[in-house]
Structure formats: structure tokens, C-alpha cells
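Reading through the C-alpha cells given below for one structure.
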Amino acid sequence: MPVNINTDIADRVAKDESVRSDCRAAKTIASFLERSFIIFVLIIFWEISPRMGLVDPFLLCPFSEVVSHTAKLIYTGEFFKHFNISLFRWGIGFFAALLVAIPLGIVMGWFRKFEEIADPLVQACRNCSVLALYPIFILLFGIGEKAKISIIMWGTVWVVLLNTIVGVKNVDRILVKAAKSMGIDDFELLFKVLLPAALPYIITGVRLGAASSILVLIAAEMVGANAGLGFMIFYYEARYAVPEMYGGIIILSVIGVSLNTLLFHLEKKFTVWREDISKG
């Protein structure tokens, strides 16, 4: 008899878990449909507008035609040729910016006097238009990869730097005093108190910097480049290959959204104590 009771309890637990799993799946699907609704409406409007003559089909071809030409670009490998080059430029420029901005932001946020001295220069640099500075980078580094990577780094570093400074300055001083009273050294204070407390601000800066870096990448590739996603869009636009041009733009949007989603989940993973994180 006890064996039967245990078996019944196990069956009920399994059924309850199955029901909860189904509920979670249903909620996930419902959330996806809710968030994607406006995208579906836009795609339908895009598809029927040129077919009904509401817009010139040459300027805005049907969405299905864009998908067909984009699939051809991917199938022939043309897309990946440009994507790999853009990824290389973006990766080096973006991560180089993080390597500079985060340590510098921690130093500026912790040492107030240093921040007061450096802040005027930071404000002057970050308010300079990135694209207006691009000719200077070309003069300094030529039209090769160095100029493009440098301008991506320049366009990314400031937003990460400022968010890191704000994050360190907003660390609760009582928390720091309590940690010091326990006898921790400066190294432990940095990695066990300051960085974890400032992490939400730093990751927010990284997310904003990622979006900014993609914009700068595309703009840089439209000038003085012979490969890359920005060049690909500009190339097809100049040759009136409108479906391929829209395909490149859509791919860029997908990459941007995917990158933001990845950073959003990283932010949730490393800042589990926060409850007000939004995808932005």
C-alpha cells in the first residue's frame, strides 16, 4: 500500500510539473505574439501597399520580393563576405572601447579630483560629432582598417565611460565603509564591492555603446570602403537594386535587435537583484 501512495504522489507531482511547463510555454508564446504584433502589421502593410499601387513599387517593392532577394544573397555567400568583414571591424573597435572606457571610468568615478580635471576634455570629446571627425581619422590612419576601427572605438567609448563613472559614483558609501571596516584591501574592494555595485550602470553603457557602434560602423563603411554591410547597402542603392538594399537594412536591424537581446539577458544574469530591467 505505501508503494501505491508514493506512486500516486509522484504521478501528481509529474502532472503538476507538466501543467506548469505548459503554462510557461503558453505565456511565452502569448508574449511573443503580443510583442511581434506591430511587426506583423507592418510587414502586411509593406506587402500590400506596392501591390495595390499605394506606393511606387520601384521605391518600395513588396516584402516577399525583398525576402527572396535577401535569401539569394545569403545562399550565394555574398552576404557572409560583407558580414564577416563588418564583424571583424566592429569586434575590434567595440571591445577596444570597452577595454579603455571601463577601467578609465572606474578611476574617474572613484577619484573625484581626477574626474574634475579630466571632465572638461571628456565633455568636449564626447560632444564632437563622430562622423564630422571621420575625415581626421582618415588623415591620421589612411582609408584602411585602422581608420574604421578607430572611429568605431571613438563612437563607443564615451557612453560606456560616462555610465561607468556614474555607476561608481553611485555606489553606496556606507557599503564601502562597511567593507573597509572588515579589513578588505583595495583589490578586494574593487572586485567585491565597486564593480558588482556599478555593474548595472556599466552594462547599460555597454548596451548603448553597442547600438552606437553599429551606427558608426555602417556610416564608416559607406565612405572609403569596398566591403562590409554598410558598403553593401550603399552599393546596391547606387545600382538601383532596391530589394537587395532593403534586405541589407533588414539584416542590420535583426543583428542590432539580436545584440541588444543578448546584452539584455547578460544584464539580467549578472544583476539578478534588480527588478526594473527593461529591454529598452
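Go through (1) under 16 Å from M108 (Cα atoms); (2) free of Cβ contacts under 8 Å to residues at least 12 places away in the same chain; (3) in a loop (DSSP other than H, G, I, E, B) one by one and return the number of the condition Q123 breaks. That leaves (3) as the condition not met. Which one of E244, E237 is over 24 Å from R112 (Cα atoms), open to solvent by less than 80 Å² (accessible area, probe 1.4 Å) and acidic (D, E)? Criteria check complete, one pass: E244. Filter the stretch 200-215 for residues that are in contact with a helix residue (DSSP H, G or I) (Cβ under 6 Å, 6 or more places away or on another chain) and not β-branched (V, I, T) and give the result. Answer for the stretch 200-215, where residues must be in contact with a helix residue (DSSP H, G or I) (Cβ under 6 Å, 6 or more places away or on another chain) and not β-branched (V, I, T): Y201, G205, R207, L208, G209, A210, S212, S213.
Here L73 does not fit the description of being outside any helix (DSSP H, G or I), under 18 Å from A241 (Cβ atoms) and modelled with pLDDT of 85 or more. Restricted to the stretch 56-75, and to residues there that are open to solvent by less than 40 Å² (accessible area, probe 1.4 Å) and not hydroxyl-bearing (S, T, Y), the residue that is farthest from E237 (Cα to Cα) is P62. Of the residues in the stretch 146-154, not one is within 25 Å of L189 (Cβ to Cβ) and part of a helix (DSSP H, G or I).
Yes/no matrix, rows are residues, columns are (1) farther than 19 Å from V166 by Cβ; (2) not hydroxyl-bearing (S, T, Y):
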{"residue": "I184", "(1), (2)": "yes, yes"}
{"residue": "L194", "(1), (2)": "no, yes"}
{"residue": "A219", "(1), (2)": "yes, yes"}
{"residue": "Y246", "(1), (2)": "yes, no"}
{"residue": "I255", "(1), (2)": "yes, yes"}
{"residue": "T261", "(1), (2)": "yes, no"}
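Those helices (runs of 4 or more DSSP H) of the stretch 168-280 in which at least 1 residues are over 26 Å from A96 (Cα atoms) and hydrophobic (A, V, I, L, M, F, W, C), considering only elements entirely within it, cover 173-181, 229-238, 242-270. With V168, V130, V157 as the choices, which residue is closer than 16 Å to F94 by Cα and surrounded by 21 or more Cβ atoms within 10 Å (Cβ to Cβ)? Answer to the check: V157. Remark: pairs (first residue in the stretch 135-146, more than 15 Å from G93 (Cα to Cα); second residue modelled with pLDDT under 85; Cβ separation under 6 Å; 6+ apart in sequence or on different chains) = I143/G224.
Of all residues in the stretch 84-113, those being over 19 Å from V206 (Cα atoms) and out of contact with any helix residue (DSSP H, G or I) (no Cβ under 6 Å at 6 or more places or on another chain) number 5. Outside any helix (DSSP H, G or I) and not hydroxyl-bearing (S, T, Y) - does that describe any residue in the stretch 90-99? Scanning the stretch 90-99 turns up no residue that is outside any helix (DSSP H, G or I) and not hydroxyl-bearing (S, T, Y).
Test I38 against the stated conditions and say whether it is open to solvent by 90 Å² or more (accessible area, probe 1.4 Å), out of contact with any Leu (no Cβ under 8 Å at 6 or more places or on another chain), among the β-branched types (V, I, T) and in a helix (DSSP H, G or I).
Working: open to solvent by 90 Å² or more (accessible area, probe 1.4 Å): yes; out of contact with any Leu (no Cβ under 8 Å at 6 or more places or on another chain): yes; among the β-branched types (V, I, T): yes; in a helix (DSSP H, G or I): yes.
It is true that I38 is open to solvent by 90 Å² or more (accessible area, probe 1.4 Å), out of contact with any Leu (no Cβ under 8 Å at 6 or more places or on another chain), among the β-branched types (V, I, T) and in a helix (DSSP H, G or I).
Just one of the listed residues (A147, A118, A211, A198) is open to solvent by 40 Å² or more (accessible area, probe 1.4 Å) and of a type in the set (A, V, I, L, M), and it is A211. N84 satisfies every condition listed in (1) surrounded by 16 or more Cβ atoms within 10 Å (Cβ to Cβ); (2) within 27 Å of the chain's Cα centre (by Cα) except (1).
The values are calculated or read from the model by the stated rules, or taken from the named source; none is laboratory data. The shown structure was predicted, so the numbers you read here are calculated from the model rather than taken from an experiment. Heads up, the Cβs are rebuilt from the backbone with ideal geometry, glycines too, and the neighbour counts pull from every protein chain shown. SASA here: full protein model, heavy atoms, side chains in, ligands and nucleic acids out. Shrake-Rupley method; radii C 1.70, N 1.55, O 1.52, S 1.80 Å.
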